[in-house]
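Engineer: For reference, the structure I am asking about is given below.
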Amino acid sequence: MIITLVILFVIGYLLIALEHPLKVNKATFALIMCGVMWSVYALTTHDPELGEKMPTILGETAEILFFLIGAMTIVEHIDRYGGFSFITEKITAKNKRRLMWVLAFFAFFMSAVLDNMTTTIIMVMMIRRMMPDQKERWIFAGVIVLAANAGGAWSPIGDVTTIMLWMADKVTTVKLIINLLLPSLVSMIVPLAIASRWIKEEPVHQLHINPDHGPQQIATEFPGVSRAMLILGVAGLLFVPIFKSVTHLPPYLGMMFSLGIIWCFTEIIISRYHIDPKFGGRVSHAMRHIDMSTILFFLGILMSVSAL
């Protein structure tokens, strides 16, 4: 049975890795893998108590999923109010090489609060507007991916892997930061130093933003709202480790509490500033646009690992 489960897991992970060539969403393979592995386990062990154990196993997985749903909703909500646009407008450098270092360090610390995927998407969208040369965009994007992954490694809420370890009480916030901050910095700075040699010290093109489009419109018309939403959202994410340390309650409760505060603040802002409902500025609108396929992917992976 053990060999069968391992083989199924390896095949499932191989199909997940081939998502783009196969043109099938990775969540598909993760959910199928989960169902097949648990079926094999149930049919081969004939454990009479398996039905009683499943709610506990699913509950542990659900804690991580609710945490991710809350975090993704907060990040999506910040973006809808132009919070990230407000940040990127403030990033300036005299030449491209210096800009690469600024963006890398910004992605490094930004991904420690947000997740590395969101950080990468935000930063890559920005360099697409600043770098007309495709080869330079590739180099910048590669550095940003490395910096975002390195930044997510030393924070308890910066990456799904560290979130899982932290929620399971395998690591603590302080010791995680102390032990991994320096190695994470090294893993970013070394490739950054190499990549910067491939970039010429040329002037940087100005960042052009369409003020009549989505979040940029809100950031232009209500800059104070964008700043407030950014500060409140980041503070809500940073509050979660504090909540866990003080109350010793599961982190997803802290994330849900932060989401509730942001939701209440948003309703007050919409009423006060008479923001057009067509913009979709409510938290409920942000929930509809989070990447649920990623949530289901993690459900499949985590339940497959539980089967192992």
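Engineer: Exactly one of these conditions fails for ILE270: (1) more than 17 Å from the chain's Cα centre (by Cα); (2) under 30 Å from MET37 (Cα atoms); (3) not polar (S, T, N, Q). Give me its number.
Structural biologist: (2)
Engineer: Just a yes or no: is a residue in the stretch 43-54 over 30 Å from MET130 (Cα atoms), touching a helix residue (DSSP H, G or I) at 6+ places or on another chain (Cβ under 8 Å), exposed (fewer than 15 other Cβ atoms within 10 Å of the Cβ) and small (Gly, Ala, Ser)? So that I can check it myself, show each step before the final result.
Structural biologist: Filtering the stretch 43-54 for residues over 30 Å from MET130 (Cα atoms) gives 43-54.
Those still in the list that are touching a helix residue (DSSP H, G or I) at 6+ places or on another chain (Cβ under 8 Å) too: 44, 47, 50.
Of the ones still in play, those that are also exposed (fewer than 15 other Cβ atoms within 10 Å of the Cβ) are 44, 47, 50.
Adding the requirement that they be small (Gly, Ala, Ser) leaves none.
No, the conditions are met nowhere in the stretch 43-54.
Engineer: So ILE199 passes all but one of these: (1) in the same structural domain as SER111 (by TED's automatic domain parsing); (2) modelled with pLDDT of 85 or more. Which condition number does it fail?
Structural biologist: Checking ILE199 against (1) in the same structural domain as SER111 (by TED's automatic domain parsing); (2) modelled with pLDDT of 85 or more, the one that fails is (2).
Engineer: Still on this model: Farther than 20 Å from ASN116 by Cα and either in contact with a Leu (Cβ under 9 Å, 6 or more places away or on another chain) or at pLDDT below 90 (or both): which single residue out of ILE295, ILE275, ILE290 fits that description?
Structural biologist: Numbers: ILE295 fails: farther than 20 Å from ASN116 by Cα; ILE290 fails: farther than 20 Å from ASN116 by Cα.
Testing whether each residue is farther than 20 Å from ASN116 by Cα and either in contact with a Leu (Cβ under 9 Å, 6 or more places away or on another chain) or at pLDDT below 90 (or both) leaves just ILE275.
Engineer: Moving to a separate point now. Just for the stretch 89-105: of the residues that are under 27 Å from ILE177 (Cβ atoms) and buried (at least 21 other Cβ atoms within 10 Å of the Cβ), which one is modelled with the highest pLDDT?
Structural biologist: So the residue we want is ALA104.
Engineer: Further question on the same structure: Assuming PHE67 fulfils every condition listed in (1) surrounded by fewer than 19 Cβ atoms within 10 Å (Cβ to Cβ); (2) in the same structural domain as PRO223 (by TED's automatic domain parsing) apart from one, which condition is it?
Structural biologist: Single failed check for PHE67: (1).
Engineer: Looking at the stretch 108-117, which of its residues are surrounded by 19 or more Cβ atoms within 10 Å (Cβ to Cβ) and part of a helix (DSSP H, G or I)?
Structural biologist: Quick first cut of the stretch 108-117, residues surrounded by 19 or more Cβ atoms within 10 Å (Cβ to Cβ) only: 108, 110-117.
The answer is PHE108, MET110, SER111, ALA112, VAL113, ASN116, MET117.
Engineer: For the stretch 1-107, give me every one of the helices (runs of 4 or more DSSP H) that falls completely inside it and has 2 or more residues that are in contact (Cβ under 8 Å) with a residue 60 or more places away in the chain.
Structural biologist: Numbers: elements: 2-17, 19-22, 26-45, 50-80, 83-90.
In the stretch 1-107, 2-17, 26-45, 50-80, 83-90 are the helices (runs of 4 or more DSSP H) which contain 2 or more residues that are in contact (Cβ under 8 Å) with a residue 60 or more places away in the chain.
Engineer: Right, next: Would you mind finding the one in LYS170, LYS175 that is in a helix (DSSP H, G or I) and basic (Lys, Arg)? Talk me through it step by step, then tell me what you get.
Structural biologist: Details: LYS170 fails: in a helix (DSSP H, G or I).
Criteria check complete, one pass: LYS175.
Engineer: Any idea which of (1) over 15 Å from LEU299 (Cβ atoms); (2) at pLDDT 90 or above; (3) among the charged types (D, E, K, R) is the one LYS26 doesn't satisfy?
Structural biologist: Result: LYS26 fails condition (1) only.
Engineer: Looking at this structure, is TRP138 assigned to a helix (DSSP H, G or I), surrounded by fewer than 24 Cβ atoms within 10 Å (Cβ to Cβ) and in contact with a helix residue (DSSP H, G or I) (Cβ under 8 Å, 6 or more places away or on another chain)?
Structural biologist: On the way: assigned to a helix (DSSP H, G or I): yes; surrounded by fewer than 24 Cβ atoms within 10 Å (Cβ to Cβ): yes; in contact with a helix residue (DSSP H, G or I) (Cβ under 8 Å, 6 or more places away or on another chain): no.
Here the answer is no, as TRP138 does not meet what is asked.
Engineer: May I ask you to verify whether ILE268 is surrounded by fewer than 17 Cβ atoms within 10 Å (Cβ to Cβ), β-branched (Val, Ile, Thr), free of Cβ contacts under 8 Å to residues at least 24 places away in the same chain and not assigned by TED's automatic domain parsing to the domain that holds THR172? Explain how you work it out, then say what you get.
Structural biologist: Values: surrounded by fewer than 17 Cβ atoms within 10 Å (Cβ to Cβ): yes; β-branched (Val, Ile, Thr): yes; free of Cβ contacts under 8 Å to residues at least 24 places away in the same chain: yes; not assigned by TED's automatic domain parsing to the domain that holds THR172: yes.
For ILE268, the condition - surrounded by fewer than 17 Cβ atoms within 10 Å (Cβ to Cβ), β-branched (Val, Ile, Thr), free of Cβ contacts under 8 Å to residues at least 24 places away in the same chain and not assigned by TED's automatic domain parsing to the domain that holds THR172 - is met.
Engineer: Oh, and also: Among the residues of the stretch 222-263 satisfying the criterion of being β-branched (Val, Ile, Thr) and in contact (Cβ under 8 Å) with a residue 40 or more places away in the chain, which is nearest to THR162 (Cα to Cα)? Lay out the reasoning, then the answer.
Structural biologist: If we filter the stretch 222-263 for residues that are β-branched (Val, Ile, Thr), which is where we start, we get 225, 231, 234, 240, 242, 246-247, 261-262.
Adding the requirement that they be in contact (Cβ under 8 Å) with a residue 40 or more places away in the chain leaves 225, 234, 240, 262.
Working: VAL225: 32, VAL234: 18, VAL240: 14, ILE262: 24 Å.
Taking the candidates together, the pick is VAL240.
The values are calculated or read from the model by the stated rules, or taken from the named source; none is laboratory data. Bear in mind the structure is a predicted one, so any value in this text is a computation, not a measurement. Cβ atoms come from the backbone with ideal geometry, glycine included; neighbour counts cover every protein chain shown.
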